[in-house]
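In what follows, a structure is listed as structure tokens, so that the remarks can point back to it.
The values are calculated or read from the model by the stated rules, or taken from the named source; none is laboratory data. All figures in this text were calculated on a predicted structure; none of them were measured in a lab. Neighbour counts run over all protein chains shown; Cβ positions are idealised from the backbone, glycine included. Quick note on the areas: whole protein, heavy atoms, side chains included, nothing else; ligands and nucleic acids left out. Shrake-Rupley method; radii C 1.70, N 1.55, O 1.52, S 1.80 Å.
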Amino acid sequence: MKTGEIHDFSLYEYHNLLQQNILVSYKGPIDERIMSVIGENIEVVTSSGDAKAKSKIFKVFMELAQNVWLYSAETCNVGNGRVMGMGTLVIGEFGNYYTFVTGNVVKNSDIEPVIEKCEKINSLDRDSLREYRREQRRLANEGKKNSGNIGLIQVALTAESPLDIELTPVNDEESFFSIAVKIEKDEQGN
């Protein structure tokens, strides 16, 4: 029953959408405190699953949530000079795998190197990814430019799946960038 025209958005439809295999859904500012609370929630909702997949989900969460926190173009000033990146994260469970998706607004001028890095990550096998991670760490320790995004390499290694990226223009200066990974469940449940 609708009594007015205020509700262009149906919370019930959104609720039903979230019932479709979604374990965790969050949109808002992300910092270390929020990450801690969401991490505890992940622990609870995956407690009946296999330990290996649960560990992978948590590690992927830490890397991708930190990317949103540090690199989102959409921010929230929470006082005392603290600014937090804003973003969205969703964890879904589908039969024999989980999906983990994060997304946030990025400046178009900053995104091309990230897309190129994701494409390179997706082109490498596991051993090559490990070597690439070592190379990027060495460059970062030397203070070299374009040595970042080691976390994205770690996500691909941890999830043991490619980074599924999507870029949707928001306006002339910004786009919404999302990264999704698939995390297989252990068939034995160990």
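One table, with the values for the structure above:
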{"quantity": "Cα→Cβ-extended label distance, 7 Å offset, between ASP186 and VAL78, nm", "calculated": "3.4 nm"}
{"quantity": "Whole-number accessible area per residue in Å² for the chain, which is evaluated in the context of all protein chains at 1.4 Å", "calculated": "61 Å²"}
{"quantity": "Cα gyration tensor shape of segment 96-162, rounded if a/c is under 1.5, else prolate or oblate by comparing a/b with b/c", "calculated": "oblate"}
{"quantity": "Helix-only [θ]222 nm of the chain, DSSP H runs n ≥ 4, -39500 (n - 2.57) each, per residue, nearest 500", "calculated": "-14500 deg cm²/dmol"}
{"quantity": "Computed accessible area, ASP127, all protein chains, 1.4 angstrom probe, square angstrom", "calculated": "110 Å²"}
{"quantity": "Max mean-square fluctuation residue, GNM over the chain, Cα-Cα springs under 10 Å, options ASP164, ASP172, ASP31", "calculated": "ASP172"}
{"quantity": "Contact order relative to length of segment 34-190, as percent, for alpha carbon pairs under 8 angstrom and 6 or more apart", "calculated": "28 percent"}
{"quantity": "Stretch in the chain that is longest and holds no GluC sites (Glu not before Pro) that DSSP places in a loop and that have at most 13 other beta carbons within 10 Å", "calculated": "6-141"}
{"quantity": "Lysine pairs with alpha-carbon atoms under 20 Å apart, the chain, spacing 8 or more or separate chains", "calculated": "19"}
{"quantity": "Cα gyration tensor shape for the chain, rounded if a/c is under 1.5, else prolate or oblate", "calculated": "oblate"}
{"quantity": "Gain on full stretching of the segment that runs from GLU131 to ASP164 - 0.36 nm per residue minus C-alpha separation", "calculated": "9.8 nm"}
{"quantity": "Net lengthening on full extension, HIS15/ASP172 (0.36 nm per residue, minus Cα-Cα)", "calculated": "53.3 nm"}
{"quantity": "VAL37 accessible area, assembled protein chains, probe 1.4 Å, Å²", "calculated": "90 Å²"}
{"quantity": "Segment 106-162 - percent of accessible surface contributed by carbon and sulfur, probe 1.4 Å", "calculated": "44 percent"}
{"quantity": "Accessible-area value, LYS56, 1.4 Å probe, nucleic acids and ligands omitted, Å²", "calculated": "30 Å²"}
{"quantity": "Loop-located chymotrypsin sites (Phe, Trp or Tyr not before Pro) in segment 6-73, at most 16 other Cβ atoms within 10 Å (DSSP)", "calculated": "PHE9"}
{"quantity": "Phi-based couplings in Hz for segment 47-55 (Karplus 6.51, -1.76, 1.60; Gly and Pro marked x)", "calculated": "5, 8, x, 6, 5, 5, 5, 4, 5"}
